[in-house]
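First the structure, in the form of structure tokens, and then the observations on it.
The values are calculated or read from the model by the stated rules, or taken from the named source; none is laboratory data. Remember, it's a predicted structure, so these values are computed and weren't measured experimentally. Here the Cβ positions follow ideal geometry from the backbone for every residue, glycine too, while neighbour counts run over all protein chains shown.
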Amino acid sequence: MSAAFFDILRVADRLLEKAPGFAHVGVAASIDDIEAQINFRTPGAYVILPREEAAEAPKTPNTIAVTARFSVAIVVFRPRERALAQDLPTELVALIHQCRAALAGWVAPSPEQKATMILFESGGVERDNDATLTWLETYRTTHALLKTGG
């Protein structure tokens with residue numbers, strides 16, 4: 001059985017290609033790891049490692065359907081004087097649109113796995129501090145882990 005999990009590097013590559021508003025696109029193990037990165041820049045998109053679970057009972061002895069949920073943290077600079085405003089920065093709204101346009105409905109190519117299109121699940125403010133605002137988008141897809149040998 002292939003032990004490969006959903007490859008978030010493909011998601012990062014897709015954002016680099018289709019979402020030109022980001023100054024930086026990277027990956028992170030969790031949202032807490034983003035600000036700890038040496039090359040932390042804004043506006044940035046950080047693809048967070050997926051959580052995976054069996055989607056359903058195997059339909060054949062050679063495959064297991066797995067649902068992968070991953071997040072994209074969109075981080076923008078937010079000056080202190082604007083941090084009190086209740087509206088979302090215009091730049092953030094544009095980046096959310098770019099992210100969704102790039103990912104929702106896309107089928108990530110993979111030679112080892114059969115995947116379904118990526119579906120948007122949720123989005124909202126995750127963190128808001130004196131310097132940055134972080135919006136977290138959550139997506140899901142289902143892919144099949146294929147048996148590779150006897």
**Prompt:** Is there any pair linking a residue in region 33-55 that is closer than 17 Å to residue 70 by Cβ to one that is surrounded by 15 or more Cβ atoms within 10 Å (Cβ to Cβ) and of a type in the set (D, E, K, R), with Cβ under 8 Å and at least six apart or on different chains, and which?
**Reply:** 50/69; 51/69; 52/69
**Prompt:** If you go through region 12-31, how many residues are closer than 12 Å to residue 72 by Cα and at pLDDT below 95?
**Reply:** 6
**Request:** Name every residue in region 96-127 that is of a type in the set (S, T, N, Q), at pLDDT below 95 and touching an Asp or Glu at 6+ places or on another chain (Cβ under 8 Å), in order of residue number.
**Result:** 110
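Got at least one residue in region 53-69 being polar (S, T, N, Q), part of a strand (DSSP E or B) and modelled with pLDDT of 85 or more?
Our first condition is that a residue be polar (S, T, N, Q); within region 53-69, this holds for 60, 62-63, 67.
Restricting the remaining residues to those that are part of a strand (DSSP E or B) gives 63, 67.
Retained after the next criterion (residues that are modelled with pLDDT of 85 or more): 67.
Yes: region 53-69 contains one or more residues that are polar (S, T, N, Q), part of a strand (DSSP E or B) and modelled with pLDDT of 85 or more.
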**Asked** From the set of residues in region 13-43 that are surrounded by fewer than 17 Cβ atoms within 10 Å (Cβ to Cβ) and charged (D, E, K, R), which is nearest to the chain's Cα centre (by Cα)?
**Response** 13
